[in-house]
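What follows is calculated from the coordinates using simple rules that are stated; it is not laboratory data. Given the structure is predicted, the values throughout are model-derived calculations rather than measurements. With ideal geometry, Cβ positions are generated from the backbone for all residues, glycine too; neighbour counts draw on all protein chains shown.
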Amino acid sequence: MAYSEKVMDHFTNPRNMGEIENASGVGTVGNAKCGDIMRIYLDIDENQIVRDVKFKTFGCGAAVATSSMATELVKGKSIYEALQVTNKAVMEALDGLPPVKVHCSLLAEEAIHAALWDYATKHGIEIPGLQKPVTDISEHEEEEEY
Amino acid sequence: MNKLIYLDNAATTAVKPEVVEAMLPYYCEKFGNASSIYSIGQESKEALENARQTIAGTLNAKTEEIYFTGCGTEADNWAIIGTAEAYGNKGKHIITSNVEHHAVLHTCEYLEKRGFEITYVPVDEKGLIHPEDVEAAIRPDTILITIMFANNEIGTIMPIAEIGAIAKKHGVLFHTDAVQAFTHLPIDVNALNIDMLSASGHKFHAPKGVGFLYIRKGLKLKSFIHGGAQERKRRAGTENVAQIVGMAKAAELAMANLEENEKKQTALRDHLISRVLTEIPHSRLNGDAEHRLPGNTNFSFQFIEGESMLMMLDMKGICGSSGSACTAGSLDPSHVLMAIGLPHEIAHGSLRLSLCEDNTLEEVDYTVDCLKEIVARLRAMSPLYEDFVKKQKK
């Protein structure tokens with residue numbers, strides 16, 4: 001399995017890694033069982049533009065790189081444009097992913113959707129085409145610590 | 001540090017220069033087929049038999065009880081399927097453990113599909129098999145017990161002497177996959193009542209592509225690879241003389257320094273374990289601290305994932321391995337880490353660093369220094385750690 005230079009670049013120097021306090025929307029997807037969890041924070045201004053975006057990811061190199069790339073693709077976009085960022089777009093922007101890692105890009109797309117859903121719910125807005133995320137794990141149970 | 005720090009010796013090892021030197025004459029000069037009657041053929045034959053004698057000596061076995069194979073996996077397949085075929089009329093029950101290498105587990109699953117019943121004896125939270133569980137699993141139709149000498153992932157050394165005694169008492173054949181243990185621990189097949197033993201050259205500084213199976217004299221195991229009359233008609237195929245010579249040389253070197261190597265690696269291993277556990281919070285050692293291969297360490301770091309850790313270590317020139325699903329290309333983490341009861345996310349954050357006698361204290365210290373940075377960096381990136389910290393503050 002070999003990663004592209006772009007994947008390695010985003011893994012080594014992740015863009016927009018961190019948290020946003022009082023974010024407009026937060027979405028967490030994936031589960032620890034499969035080994036990938038992504039969380040996206042969105043700061044959305046009054047014109048419904050993604051002013052800032054941050055991510056946190058528990059996962060492999062591809063999971064970190066797809067999260068990082070996804071944040072780059074939605075930053076500065078309207079919420080409607082952000083919704084159009086697909087896993088394919090994330091993958092293409094990274095010059096591809098090994099077949100076993102394609103699910104990471106799906107997770108990145110879902111994380112954005114989950115954050116947008118959180119924003120829409122909090123602000124009573126309906127974003128056409130946006131569906132309630134199925135893999136949101138924000139309510140996940142904490143495992144006992146070792 | 002600019003040079004490579006290789007801490008994945010349980011995966012494979014560097015071939016020692018002395019081993020290469022011993023092998024070289026058998027490529028361009030003494031290249032004869034060991035079955036040919038002219039002098040260079042007979043020289044190959046002699047080299048082959050000397051190698052067999054050397055290997056037999058390391059195990060307190062008879063020379064004619066050693067059969068060369070292409071790898072450890074072949075030896076495991078042959079021992080298990082060969083026993084099933086030769087003794088299947090006596091019974092169709094085999095006992096193994098749930099932490100065996102896939103070479104054993106998948107072979108047992110293959111037999112399960114062909115009418116055999118397999119009992120997978122569980123291990124405890126340290127990865128140890130309890131001999132009484134093995135004894136309790138024996139039935140009148142049990143023909144084979146196959147339990148690894150030491151685990152490849154968490155380094156646990158199994159109670160082989162006790163299991164061997166149980167097998168002997170009940171008249172059941174006993175095979176052990178000693179791929180991780182051979183030349184790293186002293187093994188006497190007679191004292192331990194081992195009937196069959198698999199080993200692989202590349203785990204002890206011989207090249208890849210050569211291994212052997214010890215078969216106690218009198219066992220009815222038939223040929224597994226069909227063809228010519230090589231290996232006392234039990235393993236056809238022209239002998240890989242150069243690599244067999246290399247394996248014998250590597251075994252000879254390792255056995256001559258066994259105690260010294262064991263002592264050195266154990267000290268280095270315990271230093272590594274102690275530094276990691278005291279300097280990296282939320283870390284744990286997987287496996288047993290005491291019954292452990294001299295070169296094996298296996299840790300779990302909470303809140304982070306193994307592949308990311310390996311990639312960052314690689315950027316520092318450090319080679320390790322992980323039981324994370326991502327590194328295996330599947331969704332489930334290592335079956336061994338699951339068997340000792342680790343939750344999935346703890347198993348995903350596992351790291352195996354396996355030493356050999358050539359590793360130094362300097363390398364180990366540099367690795368721990370890098371690891372501390374890497375774990376901290378990945379935790380800063382982890383939503384699980386964020387949740388944990390927020391929960392602590394509450």
B:L277-A:N47 FRET efficiency (beta carbon distance; Förster radius 56 Å; 0.05 resolution)
0.60
Loop-only check: which chymotrypsin sites (Phe, Trp or Tyr not before Pro) in the range A:1-68 are DSSP coil with at most 10 other Cβ within 10 angstrom?
none
Considering only DSSP beta bridges whose two residues both sit in chain B, what percent are antiparallel, to the nearest 5?
55
Charge dipole (debye, nearest 20) of the protein assembly as shown; +1 at Cβ of Lys and Arg, -1 at Cβ of Asp and Glu
1280
Relative to the first principal axis of the alpha-carbon coordinates of chain B, what is the inclination of helix B:258-279, with its axis defined by its Cα atoms, in degrees from 0 to 90 and to the nearest 10?
20
Got a sec? How would B:S321, B:S35 order by Cβ neighbour count within 10 Å, fewest to most?
B:S35, B:S321
How many partner chain Cβ atoms sit within 10 Å of a residue's Cβ in peptide A:59-67, on average, as a whole number?
5
Along the positive direction of the dipole of the range B:17-256 (beta-carbon charges: Lys, Arg +1; Asp, Glu -1; about the Cα centre), which of B:H102, B:F204, B:I194 reaches farthest?
B:I194
Can you tell me how chain A classifies by the Cα gyration tensor, rounded, prolate or oblate, using a/c under 1.5 as the rounded cut?
oblate
A student applying the Cα gyration tensor rule (rounded when a/c is under 1.5; otherwise prolate if a/b is larger than b/c, oblate if not) would label chain B oblate
Percent of beta bridges antiparallel (DSSP, the protein assembly as shown, rounded to nearest 5)
65
I'd like the distance between the alpha-carbon centres of the range B:44-98 and the range B:129-192, rounded to an integer number of Å.
15
Please identify the cysteines of chain A that lack any partner cysteine with a Cβ under 4.7 Å from their own Cβ.
A:C34, A:C104
If every Lys and Arg gets +1 and every Asp and Glu gets -1 at its Cβ, then about the Cα centre the range B:164-282 yields a dipole, in debye to the nearest 20, of 620
The longest stretch of chain B containing none of the chymotrypsin sites (Phe, Trp or Tyr not before Pro) that sit in a DSSP loop with at most 14 other Cβ atoms within 10 Å is B:39-394
Please label the shape of the range B:282-358 as rounded, prolate or oblate, based on the square roots a ≥ b ≥ c of the eigenvalues of the alpha-carbon gyration tensor (a/c under 1.5 means rounded; beyond that, a/b larger than b/c means prolate, else oblate).
oblate
Whole-Hz couplings from phi, Karplus 6.51/-1.76/1.60, listed for the range B:242-253; x for Gly and Pro:
4, 6, 5, 4, x, 5, 5, 4, 5, 5, 4, 4
Fewest first, what order do B:L253, B:L219 take by the number of other Cβ atoms within 10 Å?
B:L219, B:L253
What average count of beta carbons from other chains do you get within 10 Å of the Cβ of residues in A:33-43?
5
Lys and Arg at +1, Asp and Glu at -1: neighbours of B:Y87 with Cβ under 15 Å from its Cβ sum to +3
B:T238, B:T73, B:T12, B:T107 arranged by Cβ crowding within 10 Å, fewest neighbours leading
B:T238, B:T12, B:T73, B:T107
Whole-Hz Karplus couplings 3J(HN,Hα) for the range B:18-32, θ = phi - 60° and coefficients 6.51, -1.76, 1.60, Gly and Pro as x, run 4, 6, 4, 4, 5, 7, 3, x, 8, 9, 9, 9, 8, 8, x
Between the residues B:L353, B:T142, B:A181, the Cα farthest towards the positive end of the dipole of chain B, that dipole coming from +1 and -1 charges on the beta-carbon of Lys, Arg, Asp and Glu, is from B:T142
Karplus 3J(HN,Hα) series, Hz, for the range B:75-86 with 6.51 cos²θ - 1.76 cosθ + 1.60 (x for Gly, Pro)
4, 5, 4, 5, 4, 7, 5, x, 5, 4, 6, 6
Cα-Cα longer than 22 Å, checked against A:K6/B:K390; B:K92/B:K220; B:K16/B:K208; A:K33/B:K203; B:K90/B:K222, kept in input order, equals A:K6/B:K390; A:K33/B:K203
Antiparallel DSSP beta bridges within the range B:62-167, as percent of all bridges there, nearest 5
10
If we sort B:79-86, B:185-192 on the protection proxy, mean other Cβ atoms within 10 Å, highest first, what's the order?
B:79-86, B:185-192
Under-5 Å amide H pairs with A:D36, H placed in peptide plane, nonlocal only
A:N31
Using a 10 Å cut-off on Cβ to Cβ distances, tally the other chain neighbours for every residue of B:309-317 and report the average as a whole number.
2
Taking the Cβ-Cβ separation of A:S78 and B:A136 as r and a Förster radius of 41 Å, what is the calculated FRET efficiency to the nearest 0.05?
0.05
